[in-house]
1. Which of the residues that make up segment 48-90 are without any contact (Cβ under 8 Å) to a residue 60 or more places away in the chain, among the aromatic types (F, W, Y) and either under 21 Å from N140 (Cβ atoms) or in contact with a Ser or Thr (Cβ under 8 Å, 6 or more places away or on another chain) (or both)?
2. Consider only pairs whose beta carbons are under 8 Å apart and that are at least six residues apart or on different chains; among these, list those whose first residue lies in segment 109-125 and is under 14 Å from E63 (Cβ atoms) and whose second residue is assigned to a strand (DSSP E or B).
3. Give the residues of segment 39-73 that are assigned to a strand (DSSP E or B) and open to solvent by 70 Å² or more (accessible area, probe 1.4 Å), sorted by residue number.
4. Could you pull out the residue among L186, L129 that is surrounded by 20 or more Cβ atoms within 10 Å (Cβ to Cβ), touching a residue at least 40 places away in the same chain (Cβ under 8 Å) and touching a strand residue (DSSP E or B) at 6+ places or on another chain (Cβ under 6 Å)?
5. Does V158 satisfy the condition of being touching a residue at least 24 places away in the same chain (Cβ under 8 Å), assigned to a helix (DSSP H, G or I) and β-branched (V, I, T)?
6. What are the residues in segment 156-180 that are over 16 Å from the mean Cα position of the chain (by Cα) and among the acidic types (D, E), if any?
7. Can you work out which of the residues in segment 23-35 that are open to solvent by 40 Å² or more (accessible area, probe 1.4 Å) and closer than 21 Å to T147 by Cα is modelled with the lowest pLDDT?
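The values are calculated or read from the model by the stated rules, or taken from the named source; none is laboratory data. Please read these numbers as outputs of a predicted model, since none were measured by experiment. Note: ideal-geometry Cβ built from the backbone for every residue, glycine included; neighbour counts use all protein chains shown. Surface accessibility is based on the protein's heavy atoms, side chains included, excluding ligands, DNA and RNA. Shrake-Rupley method; radii C 1.70, N 1.55, O 1.52, S 1.80 Å.
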Amino acid sequence: MKIEKLITNMLLLQSTKVITLEPKINRPPIIAFAGTQNYRDIIMYDIDIRRKFWPTENKKRNEGGDVHRGFARRTSYLMEEIKNFTEMYDNFVIGGHSLGGSCAILCASSLKNKNKTIKAVYTFGVPKLATTKFRSYYMNQELWDITTNYITPNDVVVNLPIKYKSVGNDIVLDFESLNGILSHDLTIYNELI
C-alpha cells in the first residue's frame, strides 16, 4: 500500500485531530493531521487569517516567516499532544487533509528546525498558508521537494485564503466534478491516489 493511501485511510477511520503510527520494518513513523472537524475548528483555526511567525522559536533570529495564524495555533497545540512521539522517533512521514495538510507542513518545518529528519510530507486539499518569506525558509530547510500536495481541479479550499501562497509541489488529480465541496472531500482523494 502506498504511504499516501495509508495516511488517507488513517484519517478516514479515526475521529481524532492527530494520529501517530509507530514505525515498523520498512515503514517510518507517521503523523497524520485531520482537517476541520467542527464549527469550533472553523472559528479557532480556519478563519483566523492574521499572520504568525513560524517556527515560533526562531522569531528572535528572524529565521522563518509569517504563516496563517489559525493554522499555526492548531499545529502548536497538536504538536504538544504528540511531543513524546516526536522526541522518541525520527525520519517522519507527515500528512494531512485540508487544515490538517497545513498542520503537516508546519509540523515538518518545526521538526526539521529541531534537527529531526523528514522523509516526506503528503497533503490532500491543503489551503494556502504562507508568505513568500516562509516559502523561502521552507525551501532552505530542504522540505519543498519532499512535500507533495494532492489537489483536484475544482477543490475550493486549495485557493484560499487568497492573501497567502501554497507550499510544496502540487499534483493535480484527474477528477471531473464541478462541485467544489465534493472535490475537497477526503473520500474522493482516497479514491484517486
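1. Hits for segment 48-90 are F53, F71.
2. Filtered contacts from segment 109-125: S109/W54; S110/W54; K112/I118.
3. The initial filter retains those residues of segment 39-73 that are assigned to a strand (DSSP E or B), namely 51-54, 65-68.
Of everything in segment 39-73, those that are assigned to a strand (DSSP E or B) and open to solvent by 70 Å² or more (accessible area, probe 1.4 Å) turn out to be R51, K52.
4. Numbers: L186 fails: surrounded by 20 or more Cβ atoms within 10 Å (Cβ to Cβ).
After applying the criteria, what remains is L129.
5. Details: touching a residue at least 24 places away in the same chain (Cβ under 8 Å): yes; assigned to a helix (DSSP H, G or I): yes; β-branched (V, I, T): yes.
Yes: the conditions hold for V158.
6. Step one: of segment 156-180, the residues over 16 Å from the mean Cα position of the chain (by Cα) are 156, 162-163, 172-180.
Hits for segment 156-180 are D174, E176.
7. Kept after step one, since they are open to solvent by 40 Å² or more (accessible area, probe 1.4 Å), are these residues of segment 23-35: 23-27.
Retained after the next criterion (residues that are closer than 21 Å to T147 by Cα): 23, 26-27.
Values: P23: 96, N26: 90, R27: 94.
Applying the filter and picking the extreme gives N26.
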